[in-house]
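Scroll down for the structure; my scribbles are underneath it.
The values are calculated or read from the model by the stated rules, or taken from the named source; none is laboratory data. As the structure is a computational prediction, the values presented were derived from the model and not from experiment. Reconstructed Cβ throughout: ideal geometry from the backbone, glycine too, with neighbour counts over all protein chains shown.
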Amino acid sequence: MTPNPYLWLIPVLPLAGAAINGFFGRQSSKRAISTVALSFCGAAFAMALWIALTFSSASAPYFLDLARWIRSGSFNVDFAFYLDQLSLVMLLVVTGVGFLIHIYSVGYMWDDDGYYRFMSYLNLFMFFMLTLVLAKNYLLMFIGWEGVGLASYLLIGFWFVKDSAASAGKKAFIVNRIGDFGFLIALFLIIKHFHSLDFTSVFQAVAPMAKETSGAGLLTAIGILLMVGAAGKSAQIPLYVWLPDAMEGPTPVSALIHAATMVTAGVYMVARSHVFFERAPMALMVVAIIGTLTALFAATIGIAQTDIKKVLAYSTVSQLGYMFMACGVAAFSAGVFHLMTHAFFKGLLFLAAGSVIHGVGGEQDMRKMGGLRVYMPWTFRTMTVATFAIAGFWPLAGFFSKDEILWKAYSSEYGSWVFWLLGVTTAFVTSFYMFRLWFMTFFGAYRGATARDGHGHNDHGHRHGHDELHESPWVMLGPLVVLAVLSVVGGWVGIGGRFEHFLAPVFQSGGAELAIEAADAASKTTEYLLMAASLVAAFLGFALSWTLYYLSPAVPARIAEGLGGLYRAVVNKYYVDELYALLFVKPVLDGSTEILWHGVDQGVIDATVDNSADSARHVSDNLRHMQSGNLRSYAGWVAAGGAIVIAYMIWMGVR
Amino acid sequence: MVPLTHYLLLSGILFVCGVLGFLIKRNIITIFMSIELMLNGVNLSFVAFAAHWHALSGQIFVFFVMVVAAAEAAVGLAIIIAVYRTRETLNVDQVNLLKL
């Protein structure tokens, strides 16, 4: 393609928007703030579309060196951007979904006092996310990586006067640091062995290396450490605990950062580093196992949650697990495909949930909803599309991407029927809890008190004057409809492996071509059988929740009672938070209090200062009495001193 | 001929008398006189050494000391008179306005 010298504008535009709103937003009108935020974000989206139009699967990657950064001997890192098919897909998802969520936020956050702050943070997030996606080297990617973490922290703790929001923000930040630790060590290993952080030169250096089939070597170590970083950012076992808590943030944030874009950064990073993983089967195995376990584990927690956003949060963790499952069987394009469709339908689910929360006046507990399809027809319609899409019904987006992953999990050379079986089970559970949410929210009778009682509740900062259940304004419904359309058609780009072909140049160095060949060669009947199995799983999930939550809503409580301890464990998220508190938080707290605070700080540092000051004062107290102000006592001291000197001189025999 | 030691002993006794008077007495005039006594004790030792070593410099020093002592007496007595006029006392322990 013709090099596009304006590529740098894409991340910089939202940064400008963030700066303008951040510095001048306090004085501006809300209309002006919205205009700035939307136009800068929209301009970035338009730029991305324009670039996409001139880009095809045949295009070579395009570099843009902006400025020198680090020059140290032979080690160079520059501010440089890199555009290939993979970053283009991410670019479109981030700017597109991001722009829609910006529009939605105008309606959702309009009445909030921190409106300008919110819009500024959103734009700031866009800047860092686009930097992450477009970076040409690991270090610039790391800047974006940390930057989105910062934006995430700011937005989770957006309502910082609420204690739970502030601590959720801190939790997200700290858990992410653990992942970043792994990521950084991986980068150090790369610097040490390849003397560069630039994607092209590192991958060129890795390409001729042999597969580490027996035992673990350098590439395995790098791969696993990168996966540690990805597990932090993308909320995988064992670092997923921050994501459900992150729901303390405003709902558009949950949609944009904690569902559609930021949490997929880990998937992007693993896909970008596919060169390492393809040569390290053991690292791939780790990725696949973590992904599969997370998918199933989080999905089961989702069954018993009653907070509408918490269900979606665990669902996000679970879907991210699918993406890592795909990456773990070296089907990176399938993972990225699911990343894209997931951005559509999960963004939509969150926005629709936000619309529901908005409509019922801030209530998030699904037990106090019900029957909302009458009051909020458009929210209901779009949510229905999203629910069917995530459950994997044909021909919606989720079906194609999930099926691609399950097929690869079965057929890939790294795959196995175990992954497939767990994946299908997860699909069944996903379908079950999503339809549970759907039935509990939109069907039956409204179970809440009057909406007025729910006002000022929990997540919702609004103090709008509506008293009864109401549909959201069109500025919020518009994005819902667009995302609903995308949730329907978004999967069609994958029919016949077109999406995979589009990404093929990126993953070419590995086995992508081979995988496509293998897929063609493999028995089509098997593929259709597996496809039917996952459809059946989705339908079973639907049927089960239809029976339990629509036909006989009294049954689930009895089942829960019958399950006893198991149910309590699931409701309490398997006590993972408590376990972490006991294993990690408490030792750190106790160690800090007892050893560092009482021991080192008070016992050593403070004691040193205090004691030296005390002893100085004691000595001075005594010396003070010499200085009586009595002239003759001074003379006496002089005389005594003279006498001592003379006595000394006589004693020593000085002439 | 009186030996040098005798002069020095007398000089030392005079000096110590001056020191003790300075330390013990409270009257400014007495203190002042004690200072003169110390000066003269030193003067005596200067003169004795000068005679003993046949060196004139000691005697010249004595003249300097006497000049300085005379000047000091003039200034000191003036200060004492001024103090007495304002305080109506010559007790040093009561002249302690500068004491903290």
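Does residue A:341 satisfy the criteria of being of a type in the set (Ser, Thr, Tyr), under 30 Å from residue A:109 (Cβ atoms), out of contact with any strand residue (DSSP E or B) (no Cβ under 9 Å at 6 or more places or on another chain) and free of Cβ contacts under 8 Å to residues at least 60 places away in the same chain? Against the criterion (of a type in the set (Ser, Thr, Tyr), under 30 Å from residue A:109 (Cβ atoms), out of contact with any strand residue (DSSP E or B) (no Cβ under 9 Å at 6 or more places or on another chain) and free of Cβ contacts under 8 Å to residues at least 60 places away in the same chain), residue A:341 does not qualify.
For the stretch B:16-34, a residue qualifies if it is touching a residue at least 24 places away in the same chain (Cβ under 8 Å) and more than 10 Å from chain A (Cβ to nearest Cβ), and the qualifying residues are B:17, B:27, B:28, B:29, B:32. Which residue, of B:55, B:73, B:48, is more than 24 Å from residue A:637 (Cα to Cα) and either without any contact (Cβ under 8 Å) to a residue 40 or more places away in the chain or in contact with a strand residue (DSSP E or B) (Cβ under 6 Å, 6 or more places away or on another chain) (or both)? When all the criteria are applied, what remains is B:55.
Rundown of residues vs (1) touching a residue at least 12 places away in the same chain (Cβ under 8 Å); (2) of a type in the set (A, V, I, L, M, F, W, C); (3) farther than 30 Å from residue A:395 by Cβ, yes/no style:
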position: A:540; (1), (2), (3): yes, yes, no
position: A:548; (1), (2), (3): yes, yes, no
position: A:555; (1), (2), (3): no, yes, yes
position: A:573; (1), (2), (3): yes, no, yes
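Residue B:61: of a type outside the set (S, T, N, Q) and closer than 30 Å to residue B:93 by Cα, yes or no? Spelling it out, it is not the case that residue B:61 is of a type outside the set (S, T, N, Q) and closer than 30 Å to residue B:93 by Cα. Looking across A:615, A:628, A:620, one residue alone is within 14 Å of another protein chain (Cβ to nearest Cβ) and more than 53 Å from the chain's Cα centre (by Cα). It is A:628.
Scanning the stretch A:276-302 for residues that are touching a Gly at 6+ places or on another chain (Cβ under 7 Å) and farther than 14 Å from residue A:327 by Cα turns up just one, A:298. Is it fair to say residue B:60 is touching a residue at least 40 places away in the same chain (Cβ under 8 Å) and more than 14 Å from every other protein chain (Cβ to nearest Cβ)? No: the conditions fail for residue B:60.
Only helices (runs of 4 or more DSSP H) whose full extent lies in the stretch A:185-246 are considered here, and the ones with at least 2 residues that are closer than 22 Å to residue A:146 by Cβ and within 14 Å of the chain's Cα centre (by Cα) are A:218-233, A:242-245.
If residue A:160 satisfies all but one of (1) among the aromatic types (Phe, Trp, Tyr); (2) free of Cβ contacts under 8 Å to residues at least 12 places away in the same chain; (3) crowded, with 24+ Cβ neighbours inside 10 Å, what's the number of the condition it fails? Against the list (1) among the aromatic types (Phe, Trp, Tyr); (2) free of Cβ contacts under 8 Å to residues at least 12 places away in the same chain; (3) crowded, with 24+ Cβ neighbours inside 10 Å, residue A:160 comes up short only on (3).
Annotation note: of B:89, B:30, the sole residue that is within 19 Å of residue A:629 (Cβ to Cβ), surrounded by 13 or more Cβ atoms within 10 Å (Cβ to Cβ) and among the polar types (S, T, N, Q) is B:89. Name the single residue, out of those in the stretch B:81-100 being assigned to a helix (DSSP H, G or I) and more than 14 Å from every other protein chain (Cβ to nearest Cβ), that is modelled with the lowest pLDDT. Result: B:87. Right, residue A:608: more than 30 Å from residue B:15 (Cβ to Cβ) and surrounded by 11 or more Cβ atoms within 10 Å (Cβ to Cβ) or not? No. When A:350, A:380 are checked against the criterion of being within 18 Å of residue A:323 (Cβ to Cβ) and not basic (Lys, Arg), a single residue qualifies: A:350. Please verify whether the stretch A:531-539 includes one or more residues that are assigned to a helix (DSSP H, G or I), modelled with pLDDT of 85 or more, surrounded by fewer than 12 Cβ atoms within 10 Å (Cβ to Cβ) and on the phi < 0 side of the Ramachandran plot. Yes: the stretch A:531-539 contains one or more residues that are assigned to a helix (DSSP H, G or I), modelled with pLDDT of 85 or more, surrounded by fewer than 12 Cβ atoms within 10 Å (Cβ to Cβ) and on the phi < 0 side of the Ramachandran plot. Which residues, taken from the stretch A:415-438, are crowded, with 23+ Cβ neighbours inside 10 Å, among the hydroxyl-bearing types (Ser, Thr, Tyr) and closer than 14 Å to residue A:322 by Cβ? A:426, A:430, A:431, listed by residue number.
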